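**Q** Here's a structure for you.
The values are calculated or read from the model by the stated rules, or taken from the named source; none is laboratory data. Predicted, not measured: the structure shown is a model, and the values here were computed from it. Note that we place each Cβ from the backbone using ideal geometry, even for glycine, and neighbour counts take in every protein chain shown. Just so you know, the surface numbers come from the protein's heavy atoms only, side chains and all, with ligands and any DNA or RNA stripped out. Shrake-Rupley method; radii C 1.70, N 1.55, O 1.52, S 1.80 Å.
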Amino acid sequence: MGFSPRFDHVGITVADLDTVTAFFVGLGMEADQKMAVEGEFLDTVIGMTGAATEIVMLRPPGGGTTLELSSFVRPDHLPGSPAAPANELGLRNVAFEVQDLRAAVDQAAADGYGLVGGIGEYEGLWRMAYVRGPEGIIVSLAERIQN
């Protein structure tokens, strides 16, 4: 193919960068400092003129693939589908393996975020739940069942 891909990050555009960052930090992610991005580089990559955004990169403890949260200063945000069902086309969820699913779900609930459905178990191997976070972002939380 001529290139060797390495999965680097997933980007999510949000309206309230601070609230969404706090949600992911509450799930155990570590946040870098907020930074502003604008100018020729951004305009070229996203195909817009005069764009400006603020971003925060989040990573799991110990490193790994990052999550980029971006909030546009210019142009204004376009509305998304915050209540999108699981079968709507597009990016549906960001998934994390957790050590204690019940504790993670309880922490999300204490922060005001509920389950999309319930906690399911897959073939005695995994417990999983979808949590709908701020701005409709669905986070899949999965716990490996110890045998």
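**Q** Within segment 2-9, identify whether any single residue is modelled with pLDDT of 95 or more, open to solvent by 30 Å² or more (accessible area, probe 1.4 Å) and more than 12 Å from the chain's Cα centre (by Cα), and answer yes or no.
**A** no
**Q** Can I ask one more? Anything in segment 91-147 that is part of a strand (DSSP E or B) and of a type outside the set (A, V, I, L, M, F, W, C)? List them, or say none.
**A** Glu97, Gly120, Glu121, Tyr122, Arg127, Tyr130, Arg132, Ser140, Glu143, Arg144
**Q** Which one is farthest from the chain's Cα centre (by Cα), of the residues in segment 65-87 that are over 19 Å from Ala15 (Cβ atoms) and not small (Gly, Ala, Ser)?
**A** The residue in question is Asn87.
**Q** Taking segment 115-135, which residues are of a type outside the set (D, E, K, R) and surrounded by 12 or more Cβ atoms within 10 Å (Cβ to Cβ)?
**A** Within segment 115-135, Leu115, Val116, Ile119, Trp126, Met128, Ala129, Tyr130, Val131, Gly133, Pro134 qualify.
**Q** Does segment 45-68 hold any residues that are open to solvent by 60 Å² or more (accessible area, probe 1.4 Å) and in contact with a helix residue (DSSP H, G or I) (Cβ under 7 Å, 6 or more places away or on another chain), and which are they?
**A** Residues satisfying the conditions are Thr49, Glu54.
**Q** Of the conditions (1) of a type outside the set (Val, Ile, Thr); (2) open to solvent by 70 Å² or more (accessible area, probe 1.4 Å); (3) closer than 20 Å to Leu27 by Cβ; (4) at pLDDT below 95, Phe96 satisfies every one except a single condition; which number is it?
**A** Exception for Phe96: condition (2).
**Q** Does segment 78-87 contain any residue that is open to solvent by 30 Å² or more (accessible area, probe 1.4 Å) and under 20 Å from Leu27 (Cβ atoms)?
**A** yes
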